[in-house]
């Protein structure tokens, strides 16, 4: 495994694992194209117990955000609390929320990360303006993310409460976890990788600090692993998905650069995988029907989501 990684390495791997043009010049779905109708039908046959498990964090003022600048927890406010009476004596309540679209459990769209002036499928990044993204926006995949889900529970396999901050999740770790969990990662799967980072932070009493500082996460070396297995999307229980600090001193988020911009892979962050991990351990089954479509905010580069696993 190559250990001295540079910005040139990231660009070379981006070219090597590129999916530009694979599904035609107009494609804005990327690796979600691996979720065919046949794979959706196969995923729908997986549930046996009917147990429904949410993998989403609550959206509220005490959520995971304490930076970086521009990201904050939701600000919820009531518009009316029932003081008005309508015809027939009907009363009602209404509310509103102000929040960044990526403040808690969320998907990154294919317009979220780019470099050298180009984003996924060789589109100019100048197409992202104050009005939003002209292409690769999250609403383009509003009918997606219904698939076979697979959980790789690294802490359970390794016998630890959680991976230490700054620990890179390597391809060997993914292989070992899949083998010991008795599951095979197949084309079109949505892969969920539990590091235990959320559980360790929560054990301290809150999620304060969860979204800042060192964290375990996917190694940039996992790009090839995901590319070869034709994984449709990947999500973790960390705020950045990839390991922090970066393995590439010259690049802040090298895995994002390759996965989103070159591979066309949607990334999920801040997924609460602890309840799902417990359910998978109970029934010894790490594959399930998974549904996590984004909210179709037009021209947006990300979306909050409440991911659902059905076992």
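The table for this structure:
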read-out	value
Length-normalised contact order for the stretch 69-212 - Cα pairs under 8 Å, 6+ apart - percent	16
Residue with peak Gaussian network fluctuation, the chain [Cα springs, cutoff 10 Å], from 160, 234, 301	160
The stretch 46-186: Cα Rg divided by the 2.2 N^0.38 Å rule of thumb	1.49
Isotropic mean projected area of the C-alpha convex hull, the stretch 122-272 (nm²)	10.1
Rg ratio (alpha-carbon, reference 2.2 N^0.38 Å) - the stretch 1-106	1.79
Distant alpha-carbon pairs in the stretch 245-305 (separation over 20 angstrom), percent	51
The chain - Debye-derived log10 I(q)/I(0), Cα point model, q = 0.08, 0.09, 0.14 Å⁻¹	-0.35, -0.44, -1.07
Rel. contact order, % - alpha carbon contacts under 8 angstrom, at least six apart, the stretch 158-311	24
Ordering of 286-299, 251-264 by packing [mean C-beta count within 10 Å, highest first]	251-264, 286-299
The chain: relative contact order as a whole-number percent, Cα under 8 Å and 6+ apart	31
Alpha carbon centroid spacing (whole Å) that separates the stretch 40-96 from the stretch 247-308	19
Cα centroid of the stretch 147-199 to Cα centroid of the stretch 107-143, whole Å	29
For peptides 72-85, 95-108, sequence by mean Cβ density within 10 Å, most packed first	95-108, 72-85
The stretch 57-115 - convex hull of the alpha-carbon atoms, volume per residue in Å³	130
Estimated [θ] at 222 nm from DSSP helical runs (n ≥ 4, -39500 (n - 2.57)) normalised by residues in the chain, nearest 500	-5000 deg cm²/dmol
DSSP-defined beta bridges in the stretch 7-310 - what % are antiparallel, rounded to 5	65
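All of the numbers you see were taken from the coordinates with simple rules; none came from a lab. Note that the structure is a prediction, hence the values are computed from the model and not measured. Cβ: placed from backbone, ideal geometry, glycine included. Neighbour counts: every protein chain shown.
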